[in-house]
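Read through the structure below, which is laid out as structure tokens, and then see the notes.
The values are calculated or read from the model by the stated rules, or taken from the named source; none is laboratory data. Bear in mind that the values here come from a model prediction, so they are computed numbers and not experimental data. Backbone-built Cβ (ideal geometry, glycine too); neighbour counts: all protein chains shown.
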Amino acid sequence: MAEFKKLLGLMRPWTGWIILGVFLSLITALANVILMSISGWFIAAMALAGLAGVTMNYFTPAAIIRAMAITRTVGRYAERLVTHEATLRLVAEMRRWFYDRMEPLAPAGLQGMKSGDVFSRIGADITTLENFYLRVLVPSLVALIAVPIFCFFAGYFSAGLALSLIVLYFLGGILTPWLIHHFGRKAASDQVLKSAQMRSTLVEGQQALREMLVYGRDDDYRQTVEAQSSGLCTSQLRLAKLQAASQSALTLAASLAMFAALWFIIPKVSDGSFEGPILPMLMLFAMASFEVIVPLPVAIRAFIETQVAAKRLFGLTDQEPKGISAWSEEAIDIKPTATPSLELKAVSLAYEEGAPSAFDQLSLSVAPGERVAIVGPSGIGKSSIINALVGFWPLSGGEILIDGQPYSRFSAESLRAHFAVAPQKPHLFNSTLKGNLLVANPDASDTMLNKVLDQVQLSDYVAAQEEGLDSFVGEAGGTLSGGQIRRLSIARALLSPAPILVLDEPGEGLDPQMEREILNRILDDETDRTILLITHNSAALERMDKQLVLSERA
Amino acid sequence: MSTKHISAFLKAQSRRARRPLNLSIVLSFAAGIVLIVQMGVIAFCVDSVLTHQATLTDLLFLLPPLLILFVLRAVLSYFSERLALKAAIDLKHTLRKDLLTRLIAKGPILERGSENAVGDQVTTLTEGIEALEGYFARYMPAMVMTVLLPFAILAVTLTRDWLSAVVMVVTAPLIPVFMILIGKGTERLNQKQWRKLARLSAHFLDMIQGLTTLKLFNASRREAETVSRMAESYRRTTMSVLRVAFLSSLVLEFFATVSIAIIAVFIGFRLLYGNMTFFDGFYVLLLAPDFYLPLRNMGTHYHARMEAVGAAETMVSVMEMDDGSEKKEGSLDALPDLKQGISLEFRSVGFVYPDGSRALEDVSFTLAAGQSLALVGPSGAGKSTIIDLILGLAQPSEGQILVNGLDLSTLPIAEWRAQLAYVPQKPTLFSGSILDAIRYGQPDAGIEAVEAAAKLAQAHDFITGLSDGYNHQLNEKGAGLSGGQIQRIAIARALLRNAPLVLLDEPSAHLDRENEARIQNALHALEQSATTITIAHRLHTIEQADVILVLEQGKIAEMGPHNALIEKDGAYAGLVRSSFESKSTEVQHG
């Protein structure tokens, strides 16, 4: 229920739309009931007048019938437009809302979560929420308002009919949904969870087809997905049976309502309390009134599904960010100075509480414009230093100062604006070469792009491409070699205007010669910037002002 | 892709569930017949009361059969609905299986520059497949019912009142005509909507996986705008599809309502003037809405069809692409024993990507069992393509690859791959324990064998240093481990296979010099007995190779052992001079 309240809270800006949608839907439903009732009465009245050989005023009922027919048709059209417009707007906004809450969590808060799962949340789960307004709120509210009206109307003619209708409405509108809730809750929520699970498997599997095929695990993968798919089918099948049963139950209830009209009204017509045409009128009324009950079983199912989806969404968005944004409440935006100084005082970082530190008691002071190498073997925690520097993870000890100011004074964003990072595991977006570079600096001119590409010796490659800077790099840089990805990532860091350049293992995947050439070129060109070089080999070390050697922990 | 083509595909799919779907139609038709009878009984009751002053007691004999008809109709529609939904669910499952099999068979070699991203594929396999339910469960049966039930009602109407029947015959065909006129443009709109959804999904996945990078460059706020923009644009496209769908529903309903009104007016005045019995008039009027109901519903079903057509476009192209699974003539069912060693021969092998760009041309070489080959050359020279061809991830466009004299394309591919140990440049580790990651290629390997391989790959020490050792759970893509650690786990994974053919893609590039020296030894031990092909960047590896293949723009520039090539003083010697000038320090440092 907490999710329910939260969802309603999110929908508050759309209150106007929502009320309009419910209003239109109600008008349409009522118009239909009136249309059917009057038509039944009208035909019978005409026939009886014909038999009696008298004339009757057929203009008024005919006009009402026309008006109701138009109201029903146009009302349904307007209602659909309004409700869908409202819900789609809500959903579009929610994607942004979700992104805004997910973004501060990365990377620390999303660690251990599969990207396919996060993907399911911003995609399918939010889409599921479409139904909350469309299939849950609107029909429930319409039924809530219309049913008492129907009961009073029936009660005016016959208490017995009114009572029967109340019982039938209860069976169709409360008991049937309750049974679905009881027998289908697990299946409905499983359906959401299982498809999210399958999506995660598919994302991971499709991205790793190469090794899967080579290591002969494609059959396992196929079988896993197949099992997940048939699990999904089992849930869907159970829901399908319930859906079929509830639909039939409602058809039956609507027929029984008509039957109740026969049962209670015939004696009253026979004893002359009512005129004949009242009988067909109430019969058709009883049947038509079920139109507001029919969507309720679907509503309950949609309700369960949206609850699960909302729970998954809020489960992520309610997390507290772990990185620097979590511990810098009084932080302000501080623009980086042209050449900031940097000082690490006995800094330690542990990825989880109680876990061994990635690095411990690290002290380092970097003067403006200084070139510092951090050297050490693989797995010693060199890359973790970057996570600490850019505030992705909270420090477990010590403090970092920029220009003598403690980290906690900086807002997360202004802190990151100090560093131009070429990470060890760079991500390339499925976009063009240009698009990937512009991530670092959206205002960069083509001249600037060509300059950084030249610095990393990619100019020739780009020139050889038909589309030049606009050639696509493929998913995760799939059309590039490992060395090209590395160099593009270095170029991206060079393009960033940030004053401290951080290169993490820039030589990975490169020829030693090329590594040296690129490093030398960067050291020649980037005279204004402070440079932190994280590496395990000796290239360009002789040109550094300072070396910090990390050795194996005891 | 044309709508007709996609429709044909969908129809062929639904034929797989012909039996349950047909049965569902039969049951649904039976329910319709029950409805016709039921309405007759009700009309009779009302007529008796109104025009013959019958009392409830007079009609008591009719009430139990009426109740039975109600129940019968409910039961029939239950089974009809259930069958249709079950058929749709089964069809979706089967199609998902088929599509996945196709996608796996196609493998990881994507067309260059294509937008076909994993996010897109995943959306097709999930949301795309789900979008077909309406087509299978509703559209297909409805198409038949639209014809059957109205005809049955028409037949009954004809016996009661020919004028109403004439109105029905005249108005009914107008409805589908108008709907199709409106629906014409929606086909393209639907495909556009679906493509937008696929692009949106692919973008989201890419964005989520690159969120850390976006944050590093403070680009995440800009990305937020992109999310808003894409979501908004998808909303607009969806709404434009829906607007047409709703409009066609409006038109259908309007026509149906007007038609019923015409029938009612004709009946009403004939009743007033005493030209018709009340029973006939009332009965026909009760039936009239059900005559138009299937036609009215066609709007909804037509929308379901359009939605399915939009979603199925990608599926059709996946199902129709050549997955290379066609067995070549003379294919072998079992792999000959290769444990004795593998010799390889490339005979004028060429490879062209589907988009026409050439990756390899006329590559020929032989490699005896136990020999090692180093592939050398600039990025994009075709080194990785040679590895992909041997891995069977791509098929040569020209020429042949011979394994111990047998054409590789005739060998059973899974068994062939089991003979290979492969260390890629960017190894992917699956989420799960380190233990499972190392025995990925040998799921039944014991812990001793895993530890031995890890020791050889210099991974044992850091693994046992983790709090939960070999049971340490890896995050997606090995997040939390360093590049070097991932590399060493990948080497252990390859070592565990004890394979006669080893394919390495710069295995030492990520390691510090101390580990690299040790791993060189481990790999050397592995290479002793195995045939080895290495994409090499380190002179040390290259020098020791039996054969060096220098590639330039997909062609062999030079071939031979190190000393011979140096003596020749050609491309290789130049490459060595330019790339490894200070080789003394480099070899020392690895």
* Asked: Restricting to region A:366-386, what's the tally of residues that are part of a helix (DSSP H, G or I) and touching a residue at least 60 places away in the same chain (Cβ under 8 Å)?
  -> 4
* Which of (1) assigned by TED's automatic domain parsing to the domain that holds residue B:130; (2) in a strand (DSSP E or B); (3) not aromatic (Phe, Trp, Tyr) is the odd one out, the single condition residue B:348 does not satisfy? -> (1)
* Grab the helices (runs of 4 or more DSSP H) fully contained in region B:46-133, keeping just those with 1 or more residues being within 22 Å of the chain's Cα centre (by Cα), among the polar types (S, T, N, Q) and buried (at least 21 other Cβ atoms within 10 Å of the Cβ). => B:118-123
* Identify all residues within region A:59-82 that are within 7 Å of chain B (Cβ to nearest Cβ) and among the aromatic types (Phe, Trp, Tyr); write none if there are none. => A:77
* Residue by residue through region A:520-552, note down the ones that are of a type outside the set (Lys, Arg), in contact (Cβ under 8 Å) with a residue 24 or more places away in the chain, more than 14 Å from chain B (Cβ to nearest Cβ) and not in a strand (DSSP E or B). => A:522, A:523, A:525, A:526, A:527, A:528, A:544, A:545
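Let's see how each residue does on (1) at pLDDT below 95; (2) of a type outside the set (Ser, Thr, Tyr); (3) in the same structural domain as residue B:294 (by TED's automatic domain parsing):
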{"residue": "B:10", "(1), (2), (3)": "yes, yes, yes"}
{"residue": "B:13", "(1), (2), (3)": "yes, yes, yes"}
{"residue": "B:28", "(1), (2), (3)": "yes, no, yes"}
{"residue": "B:33", "(1), (2), (3)": "no, yes, yes"}
{"residue": "B:36", "(1), (2), (3)": "no, yes, yes"}
{"residue": "B:52", "(1), (2), (3)": "yes, yes, yes"}
{"residue": "B:58", "(1), (2), (3)": "yes, yes, yes"}
{"residue": "B:70", "(1), (2), (3)": "no, yes, yes"}
{"residue": "B:75", "(1), (2), (3)": "no, yes, yes"}
* **Matching residues, region A:501-517, being closer than 14 Å to residue A:488 by Cα and at pLDDT 90 or above** => A:503, A:504
* Asked: What single numbered condition from (1) under 36 Å from the mean Cα position of the chain (by Cα); (2) more than 27 Å from residue A:358 (Cα to Cα); (3) not aliphatic (A, V, I, L, M) fails to hold for residue B:448?
  -> (1)
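Test residue A:3 against the criterion of being crowded, with 22+ Cβ neighbours inside 10 Å and either over 23 Å from residue B:277 (Cα atoms) or in contact (Cβ under 8 Å) with a residue 40 or more places away in the chain (or both), and give yes or no. Write out each step before concluding.
Details: crowded, with 22+ Cβ neighbours inside 10 Å: no; either over 23 Å from residue B:277 (Cα atoms) or in contact (Cβ under 8 Å) with a residue 40 or more places away in the chain (or both): yes.
Spelling it out, it is not the case that residue A:3 is crowded, with 22+ Cβ neighbours inside 10 Å and either over 23 Å from residue B:277 (Cα atoms) or in contact (Cβ under 8 Å) with a residue 40 or more places away in the chain (or both).
Do we have any residue at all in region A:474-497 that's farther than 30 Å from residue A:208 by Cβ and acidic (Asp, Glu)?
no
Among the residues that make up region A:260-281, is at least one of them under 37 Å from the mean Cα position of the chain (by Cα) and either surrounded by fewer than 20 Cβ atoms within 10 Å (Cβ to Cβ) or not assigned by TED's automatic domain parsing to the domain that holds residue A:139 (or both)?
no
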* **Of all residues in region B:257-281 being at the interface with chain A (Cβ under 8 Å from one of its Cβ atoms) and among the hydroxyl-bearing types (Ser, Thr, Tyr), the one that is surrounded by the most Cβ atoms within 10 Å (Cβ to Cβ)** => B:257
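Collect the residues in region B:351-405 that are among the acidic types (Asp, Glu) and either under 29 Å from residue B:538 (Cβ atoms) or within 13 Å of chain A (Cβ to nearest Cβ) (or both), keeping them in residue-number order. Show your work before the answer.
First, the residues of region B:351-405 that are among the acidic types (Asp, Glu): B:355, B:361-362, B:388, B:398.
Correct list: B:355, B:361, B:362, B:388.
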* **Residue in region A:394-444 that is farthest from residue B:199 (Cα to Cα), counting only those that are within 14 Å of another protein chain (Cβ to nearest Cβ) and part of a strand (DSSP E or B)** => A:410
* **Residue under evaluation residue B:204, criteria (1) of a type outside the set (Lys, Arg); (2) within 12 Å of chain A (Cβ to nearest Cβ); (3) surrounded by fewer than 21 Cβ atoms within 10 Å (Cβ to Cβ), criterion not met** => (3)
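Would you be able to say whether some residue in region A:27-41 is within 8 Å of chain B (Cβ to nearest Cβ) and closer than 18 Å to residue B:267 by Cα?
Initially, region A:27-41 is screened for residues within 8 Å of chain B (Cβ to nearest Cβ), giving A:39.
Those still in the list that are closer than 18 Å to residue B:267 by Cα too: A:39.
Looking for residues that are within 8 Å of chain B (Cβ to nearest Cβ) and closer than 18 Å to residue B:267 by Cα, one finds at least one in region A:27-41, hence yes.
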* **Residues (buried (at least 16 other Cβ atoms within 10 Å of the Cβ) and closer than 27 Å to residue B:244 by Cα) located in region B:150-177** => B:150, B:168, B:171, B:172, B:175, B:176
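So, in region A:529-542, of the ones that are at pLDDT below 90 and of a type outside the set (Val, Ile, Thr), which residue ends up surrounded by the most Cβ atoms within 10 Å (Cβ to Cβ)? If you could, list the steps in order and put the result at the bottom.
The initial filter retains those residues of region A:529-542 that are at pLDDT below 90, namely A:535-542.
When the remaining residues are screened for being of a type outside the set (Val, Ile, Thr), the result is A:536-542.
Working: A:536: 28, A:537: 19, A:538: 16, A:539: 24, A:540: 23, A:541: 13, A:542: 8.
Per the criteria, the residue is A:536.
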* **Candidate set: region A:481-497, residues that are among the small types (Gly, Ala, Ser) and part of a helix (DSSP H, G or I); chosen: the one farthest from the other protein chains (Cβ to nearest Cβ)** => A:491
* Asked: Is region B:69-90 home to any residue that is within 30 Å of residue B:194 (Cα to Cα) and among the basic types (Lys, Arg)?
  -> yes
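Look at residue B:367 and say whether it is of a type outside the set (Phe, Trp, Tyr), farther than 30 Å from residue A:284 by Cβ, crowded, with 17+ Cβ neighbours inside 10 Å and out of contact with any His (no Cβ under 7 Å at 6 or more places or on another chain).
Numbers: of a type outside the set (Phe, Trp, Tyr): yes; farther than 30 Å from residue A:284 by Cβ: yes; crowded, with 17+ Cβ neighbours inside 10 Å: yes; out of contact with any His (no Cβ under 7 Å at 6 or more places or on another chain): yes.
It is true that residue B:367 is of a type outside the set (Phe, Trp, Tyr), farther than 30 Å from residue A:284 by Cβ, crowded, with 17+ Cβ neighbours inside 10 Å and out of contact with any His (no Cβ under 7 Å at 6 or more places or on another chain).
One line per residue, one yes/no per condition, for (1) in contact with a helix residue (DSSP H, G or I) (Cβ under 7 Å, 6 or more places away or on another chain); (2) away from chain B (no Cβ under 12 Å); (3) part of a helix (DSSP H, G or I):
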site	(1), (2), (3)
A:162	yes, yes, yes
A:177	yes, yes, yes
A:180	yes, yes, yes
A:183	yes, yes, yes
A:191	yes, no, yes
A:200	yes, no, yes
A:211	no, no, yes
A:227	no, no, yes
A:230	yes, no, yes
* **In region B:28-45, residue surrounded by the most Cβ atoms within 10 Å (Cβ to Cβ) [restricted to those that are within 11 Å of another protein chain (Cβ to nearest Cβ) and more than 24 Å from residue A:42 (Cα to Cα)]** => B:31
* **Complete set of residues in region A:213-223 that are buried (at least 18 other Cβ atoms within 10 Å of the Cβ) and either more than 7 Å from chain B (Cβ to nearest Cβ) or part of a helix (DSSP H, G or I) (or both)** => A:213, A:214, A:218, A:221
* May I ask you to verify whether residue A:80 is within 30 Å of residue A:388 (Cβ to Cβ) and in contact with a helix residue (DSSP H, G or I) (Cβ under 7 Å, 6 or more places away or on another chain)? => no
